[in-house]
Amino acid sequence: MASRHFTEAVGTHLQSDSRENKEEKGGHDGSDDDSTASSYSNTGSGFSDDLEPEWLDDVQKNGELFYLELSEGEEEALFAQVTASQSAATNHVRFSDKEVEIITESGKKQADSSNKSEAKFKKFAKILRRRQSSKRIAVNRKEGGAPQRPTSILKNQAGQQPGVVVHQQRLKDVYVYLNPKRLCSSSPPSPEKGGLLEALLGVVHRPGGNAGKRGEKLTIHALVPHSPASKCADILIGDVLVAVDDVDVTSENIERVLSCIPGPTQVRLTFETVGPVERCVYSRLKPSPPVSQLVRLLWGEDTVELQMSIAHIPHILMYLSLKLDSESPQEEQEILYQYPVSESSVQLKAVRGIFLTLCDMLENVTGGQIVSSSLLLRNQLVHVGYWKEGSNLLVLGVPASRVPLLYLQTVIEGVVRTLKVMYGSLDSAFCEMENGSRLDHFFCLFFQQLIQPSHLIDSSRPPTPDISGTLFLDGLPAVRWLTLPADIKVEVDTVLSDFESSDFGDMSEDFYGMRRLYVILGSCLFYKGYLIANHLPKEDLLDVCLYCQHYCLLPLASEERVGQLVVWREVFPQQRAQPSPACHPGHCEPHGRYFLLIVGLQHFMQCVLLESGGCASPALGSPGPDCVYVDQVKATLLQLESLDAGIEERLCAPPTPCLSCADWFLPAGGRDRQDAVGTSPILNRLTAAIKPPSPGSIGRNLFGELGSGLRGRRPSPQRSLSDSGSEGHVEGTGPFTSGLSPFATPDTVRRTPSSGTRRDSLGSGGSDGSGGNAGFFKIPRLKHPNPFYLGSLKKSLTERETEEMHNVLKLTAGAENTLFHYVLMETVQGIFIAPTHKEVHQLSGSIHPQLIQNFYRCCLSIRHVFQQSLPTRDRRGSERPQSTRGLGPVKEHGVLFQCKPENWTDQKKPAPMMTYWVIGRMLLEPVPQEFYVCFHDSVAEVPVEMAFRLSFGLAV
Amino acid sequence: MLQAEALQLLCLTASSGVPLFSRGSSKQLPFSIIGSLNGVHMFGAGHGAQLSSCETEHGSRVVWRVFQESLMLIAVSGGGGSAISELQLRRLLENVWNCMVMVLGQDELANIRNVERLKREVRSCYHLIDMLLERINDGQGMMGYLTQCADCVPLSNSGRVQETLDSFTQAADSEFGCLVVHGRVAHATEKWWSRLAPQEVVVLLALVYSLSGTSSCDYPVFLPQGSPTVAIRLLCFQLLPGVQVCVLCGPKPSLYQAGKELLSRFWSPLLETLRGCLEQTDRSILPPSVNLRWDVQALLLINRESRRAITVCPRVRGGASANATPLLSSARRLELLTHFYTFAVTRYFTSEDVSPASPASEPAPEDFSQGFTHVPVQCYLVTDECKCYGLQSPQHQLYLLTDLSVPTFALRSVATQTLSAITAATGF
């Protein structure tokens, strides 16, 4: 559900209205938590001025909550982008003004109606508030950002420029996607409740005083939240619905017309609108700022449009029943659930008979469950994956261009596990009516991530992971881990442990002598999408992470500053749901219920797994989020916020282990070279390459005992160099930095080696720290700015230093650093490390992104080989007899790639070639690990050595 | 229920679904299953979705393919220990179709007038089809059915034999002549390589191999791509047990004439040489001049230009140290080689699969290697049994199986040395 920051009251009466509603609701529900909660929240959260947390309205009936609010900076930036594309912002003003008035009226009308409609109205008012606030910002921008009371702006504008407003009756067409199947078929919507108009379309029309009058105009008085009409931003309060698919409608025939819609379809609604038809309003939707695309999807807006954009790509997810009731044959009765209900899936849906027959027949013929099939659809190869659960069959069809066959299995296992974590079982997910719209949202996200991940993530940000990369990293049974300096790590762990002890002081239940509501089983902490601390068992961590991945919470936290994120839902951790085979005498697992609480603030996100039942009081019904726990998590995060700088420093620190960019290994074409050298990026690359000895936070940690010269450089000059590239000299950096300041031309860089200091350091040999100090930045005499200094650097260091640098900073042997990319997965811990996005971004060249894309695609293949050689487990959990199948167990697999620069213009000389290895290795001893590495071909490497070196620095 | 490792081949008419035959080692599938397998595909085709393959969790597979819109071939494999890959099944279907065309001609198969008559006629292909089915996993070292390259055996003293073959072919009024040793091509005329499609060579060799018991024969064949509707004559003579010479020719000369006059004139002086060659190939496929490293367990070398392949699976170790691990059984080595070839070709290397015969409408299996932005040129695998190394150059593909004792980092140089040693010695 959407919510945006709301600082100033837009319509005071509105807000107070909604407050009253909230309180009424609280009283109505009569839940104890609610009353205690509201009293807590005031004291507990130091940052919310409201009496109640903002997210309280969004809690759904079943207690679930997904509340996302961008921070103000992001919002403003977002709307600034919008305003830039809008020419006639004044038009909004009038509209908004009008809306407010309409609301007031309808609010009064509804004041004496039932509680239920009040709740509805409250939500509606909030939507309006949001809309209002967005427009306010838009106006503010136009006015130069002067903060004024928005209402006054509205009034003034309307008064001052009446000419701008076109008071014309105009018609506009709006396309809305309707699905009559979502309606509960048991009880047809009664006319008193607004009939189909309200139930199906989500338009509230209250026949005014002259009710009964025939053929009344269908003025829109309100919109039902989450309805098709409200999701489509083009339908505004006050519009008059005049036609549905060119059939003229009035209050008399509307119900009949709507009831004629047979199945899910898109209809064209024609509205008569009082104001000018504002294209600009819609333009906010269409070329919407890419940053917000993901957020908008999470908010549940605008799914139809995104769905349309992939309509040409065949994809489907169906949950089919294998048991056919032959007595009452109904059309499509075997389809328990289907997504999407659009043209993209029509063909695949039509051939569902194939899937059912194959599933049934192959089990009879071969004795094994079908796992996949391939078919050609409109000259497009489509892979279909199967998952049989009881007497039902989950079918997932995706184009081969997006998901290679050898990874389809991992994808489908991921979906099934996520659904099981969220709903307990596939049957409970798909067979309960009320889940319909939630699943639609779930699979909309799923297919968007699978088919057009780049649409969700802003392309201007660090290299967007291509589909292979996303597939591979998401498919790993592990979470991306960020190694932190020990001091920060300890602090983070301490803070988390403090929280997990549930010692909330006067906020805790103990204080009031009550039984605890929940036991905190553990929590994990993410920073910008990297896991930085985990106190959860591996399987629980993976469950939690699957949920986060699915809802894109990890990229979200890394890309945008989240104002506030609160997620609450009951989950069914897979490890806990299954009865553990190993029975400890005298111990039995408590049969509790589990709840997942995710709270995000800025770039931090904490996931907490709570248990009720067991030693806490059993949960009754579907409890909503408890304010105390939410506030405690928030407090924890606020406590951690001070560490922000430290972690950020680690992220900005040059990559450890050191990485190279593929482009450096190709002699660039003459012209290109000039360009490249002239720009500062090459300097950044240089620093990134030289950087290893620089005291980044990790380096600090490891080099802490080194000479004083090292300590002196702690302020991390490299960071500012490689990061901003525009800052001047940094204190305490010695001659090196001055030589390599961003303003220096490449020539100075080249010349610096000849300077006296450097030559001295050559001789110093680095007997102690001070020697090492100078030696670190010794640059060998080279004709070209060669970034690979490390080899000679090593010589000038003491043995021990060399040893350490070797272990941590540079994985490859030989004079040059040849490592391009790596992924190390610790199977036991469920974590993996890979270069951070920032590190990858720093190395941006023309070939390097391709290389990384290739790397991930190759990893898909390598991992598939490993998977096959592992003792395979049946889906039913029983271990299959291990057979020497195919190639047998594979321990190591490597592929050598060859690449040439694109657009090689020089016809006389053959294009230069660069070859690199992508090697994967699976280690079972001493700890199970999978290790993927990509390095230049120049050195014969023993990957296992690299693996150990890499895992050396990985302390969890 | 289909047993593990069983393989069934079904053939039905595409339009009506009448079963023509069903071959395979195991018990025939019940008719209802055959009907559903066909029905599923037909149903999909009616809805614009062409089913191409499916797989179960134990590695069983079903592959469908319709040829010339008249015949449907379905391969069903049971999973289990050595699961048959999709590539193998696809190649099998293609080879079976080519065999049927070679024997019966394309007209007969593409325009079915009388199903019952066709059923009877197709019986003449059974021995070839059964051979193809057996060859999927028989460990005889014939990889041509999979690689679509002619299996070759390079002879050491090749000059004279080649000359003789050329003049013999010329005397038989033909341009296509071939000397076959144990089902592998020892020599062939230039036109044989340049004008015949590799798929044709593969099925022709299968036919010649199946005729190896007869001293001479005259067999009308259709060339699936070169001449699918007009039959030409395949004359085939046995020179020595295991050595055959064959020519593709027109109406002349008669079998009697060729056998009586030409055979003795050209080949009698060479019989001793050939006998020597035969003995040598019994010992090793490679001529003795090639020094293979002792730790090479097996190799497959493909010449990508001429579409020829050599499969080497040494029987004994030459110069192995005493404490060297014993060789794997040759069947297992060939199986591993087959798997490794399939693995490398489906994922990284370009498979030599550009057959102009298969129409564009045929479902192409997913080409994983297409997704790479850079060209994969080499790859290796380290398993519990051996190490595999594959490399691809514009002219060659080499697939090498070595002992575990070879250090991984040395694999590459072992492979390149082996490649250059073989090409230098045989000019392959």
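The values are calculated or read from the model by the stated rules, or taken from the named source; none is laboratory data. This is a predicted model, so every value here is computed, not measured. Cβ: placed from backbone, ideal geometry, glycine included. Neighbour counts: every protein chain shown. To get the accessible areas, we keep the full protein, side chains included, count just its heavy atoms, and leave off ligands, DNA and RNA. Shrake-Rupley method; radii C 1.70, N 1.55, O 1.52, S 1.80 Å.
For the stretch A:415-430, give me each residue that is open to solvent by 20 Å² or more (accessible area, probe 1.4 Å) and either within 14 Å of another protein chain (Cβ to nearest Cβ) or under 19 Å from the mean Cα position of the chain (by Cα) (or both).
Kept after step one, since they are open to solvent by 20 Å² or more (accessible area, probe 1.4 Å), are these residues of the stretch A:415-430: A:417, A:420, A:423-425, A:427-428.
The answer is A:417, and nothing else.
Conditions tested, residue by residue: (1) modelled with pLDDT of 85 or more; (2) more than 24 Å from the chain's Cα centre (by Cα).
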residue: A:490; (1), (2): yes, yes
residue: A:505; (1), (2): no, yes
residue: A:508; (1), (2): no, yes
residue: A:522; (1), (2): yes, no
residue: A:533; (1), (2): yes, no
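Determine whether residue A:886 is modelled with pLDDT under 80, within 12 Å of chain B (Cβ to nearest Cβ) and surrounded by 14 or more Cβ atoms within 10 Å (Cβ to Cβ).
On the way: modelled with pLDDT under 80: yes; within 12 Å of chain B (Cβ to nearest Cβ): yes; surrounded by 14 or more Cβ atoms within 10 Å (Cβ to Cβ): yes.
Yes; evaluated as a whole, the condition is true for this residue.
Residue A:854 fails exactly one of the following numbered conditions: (1) facing chain B (nearest Cβ under 7 Å); (2) modelled with pLDDT of 80 or more; (3) crowded, with 21+ Cβ neighbours inside 10 Å; (4) under 19 Å from residue B:337 (Cα atoms). What is the number of that condition?
(4)
Taking residue A:477 as meeting all but one of (1) surrounded by fewer than 18 Cβ atoms within 10 Å (Cβ to Cβ); (2) in a loop (DSSP other than H, G, I, E, B); (3) modelled with pLDDT of 85 or more, write down the number of the exception.
The one condition residue A:477 does not meet is (1).
Please work out which one of (1) assigned to a strand (DSSP E or B); (2) farther than 30 Å from residue A:451 by Cα; (3) not acidic (Asp, Glu) is the condition residue A:563 fails and give its number.
It fails just one condition, (2).
Condition check ((1) assigned to a strand (DSSP E or B); (2) open to solvent by less than 40 Å² (accessible area, probe 1.4 Å); (3) at pLDDT below 90) across all residues:
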position	(1), (2), (3)
B:155	no, yes, yes
B:192	no, yes, no
B:212	no, no, yes
B:221	yes, yes, no
B:237	yes, yes, no
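Considering the stretch A:357-394 alone, what residues qualify as being closer than 27 Å to residue B:30 by Cα, open to solvent by less than 10 Å² (accessible area, probe 1.4 Å) and more than 7 Å from chain B (Cβ to nearest Cβ)?
Result: A:359, A:384, A:385, A:386, A:393.
So residue A:345 fits all but one of (1) in contact with a Ser or Thr (Cβ under 8 Å, 6 or more places away or on another chain); (2) at pLDDT below 90; (3) buried (at least 19 other Cβ atoms within 10 Å of the Cβ); what number is the exception?
For residue A:345, the exception is condition (1).
Only one of (1) at pLDDT below 90; (2) under 22 Å from residue A:311 (Cβ atoms); (3) buried (at least 19 other Cβ atoms within 10 Å of the Cβ); (4) out of contact with any Ser or Thr (no Cβ under 9 Å at 6 or more places or on another chain) fails for residue A:411. Which number is that?
Against the list (1) at pLDDT below 90; (2) under 22 Å from residue A:311 (Cβ atoms); (3) buried (at least 19 other Cβ atoms within 10 Å of the Cβ); (4) out of contact with any Ser or Thr (no Cβ under 9 Å at 6 or more places or on another chain), residue A:411 comes up short only on (1).
Can you find a residue in the stretch A:356-364 that is assigned by TED's automatic domain parsing to the domain that holds residue A:433 and over 26 Å from residue B:77 (Cα atoms)?
Of the residues in the stretch A:356-364, the ones assigned by TED's automatic domain parsing to the domain that holds residue A:433 are A:356-364.
Right, trim to over 26 Å from residue B:77 (Cα atoms) and you get none.
Checking the stretch A:356-364: not a single residue is assigned by TED's automatic domain parsing to the domain that holds residue A:433 and over 26 Å from residue B:77 (Cα atoms).
At least 3 residues that are within 14 Å of chain A (Cβ to nearest Cβ), modelled with pLDDT of 90 or more and surrounded by fewer than 22 Cβ atoms within 10 Å (Cβ to Cβ) in each: list the strands (runs of 3 or more DSSP E) lying fully within the stretch B:31-125 that qualify.
Details: elements: B:49-56, B:61-67, B:71-77.
By residue number, no strands (runs of 3 or more DSSP E) qualify.
Out of B:373, B:408, B:426, I need the residue that is open to solvent by 30 Å² or more (accessible area, probe 1.4 Å), at pLDDT below 90 and touching a Ser or Thr at 6+ places or on another chain (Cβ under 9 Å). Which one?
Matching residue, one of B:373, B:408, B:426: B:426.
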